[in-house]
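The values are calculated or read from the model by the stated rules, or taken from the named source; none is laboratory data. Computed from a predicted model, the values in this text were never measured in an experiment. FYI the Cβ positions are ideal-geometry reconstructions off the backbone, even for glycines, and counts take in every protein chain you see. Surface accessibility is based on the protein's heavy atoms, side chains included, excluding ligands, DNA and RNA. Shrake-Rupley method; radii C 1.70, N 1.55, O 1.52, S 1.80 Å.
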Amino acid sequence: MTIDASARVQPSADIDEGVTLGPGTRVWHLAQVRAGAVLGADCNIGRGAYIGPGVVLGDACKVQNYALVYEPAVVGDGVFIGPAVVFTNDEFPRAANPDGSLKGADDWHAVGVTVGRGASIGARSVCIAPVTIGAWSLVAAGAVVTKDVPAHALVAGVPARRIGWVGRAGRPLAADGDEWVCPDTGERYASDGEALRLVD
């Protein structure tokens with residue numbers, strides 16, 4: 001186990017051997033972090049959250065209360081994972097094999113959710129692996145993500161569909177000719193295929 005001296009873990013949290021916690025990371029009451037998980041600097045893991053074996057979180061991630069991040073999820077820097085979010089990891093879930101025997105680790109193949117830098121996943125949304133959530137995108141609360149989400153996309157619904165674009169500040173962008181503008185920062189974005197890119 002590698003826990004930086006500046007990390008803070010509440011006594012009721014369950015931290016397995018082989019976990020890495022970066023500088024300034026905080027793990028709150030009743031959270032569970034499984035073996036091999038790597039959490040970067042300044043992460044905040046909320047009450048009752050679950051981080052699966054081998055999951056990787058970048059720096060400055062916030063995993064809110066009771067979120068379930070199943071392996072082998074890979075999460076970029078500055079990602080927000082809202083309360084009670086679920087990242088799945090089994091494409092064809094079954095508790096038992098066709099012969100009635102209980103499924104074990106060798107009876108299925110885990111697939112993960114990948115989240116790009118700065119993305120936000122709203123409360124009680126479900127991301128069905130395998131799926132990639134693009135950088136700086138925003139998944140609305142309660143959405144069910146079944147397909148990849150482009151960078152800067154705002155998606156909502158069941159199943160989730162793109163309903164707009166968001167900038168790095170998280171605010172919906174306003175159309176301005178062929179470009180999109182953030183009402184908070186003034187940053188301008190241009191279409192780049194199925195995603196947006198920041199205009200230099």
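Structure summary
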| quantity | calculated |
| --- | --- |
| Rounded percent of accessible protein surface that carbon and sulfur make up, the chain, 1.4 Å probe | 53 |
| FRET efficiency for E179 and K147, using Cβ-Cβ distance with R0 set to 25 Å, rounded to 0.05 | 0.45 |
| Considering only region 1-124, percent of DSSP beta bridges that pair antiparallel, nearest 5 | 5 |
| Contact order relative to length of the chain, as percent, for alpha carbon pairs under 8 angstrom and 6 or more apart | 10 |
| Per residue accessible area of the chain, 1.4 Å probe, in Å² | 50 |
| Cα→Cβ-extended label distance, 7 Å offset, between D90 and H29, nm | 3.1 |
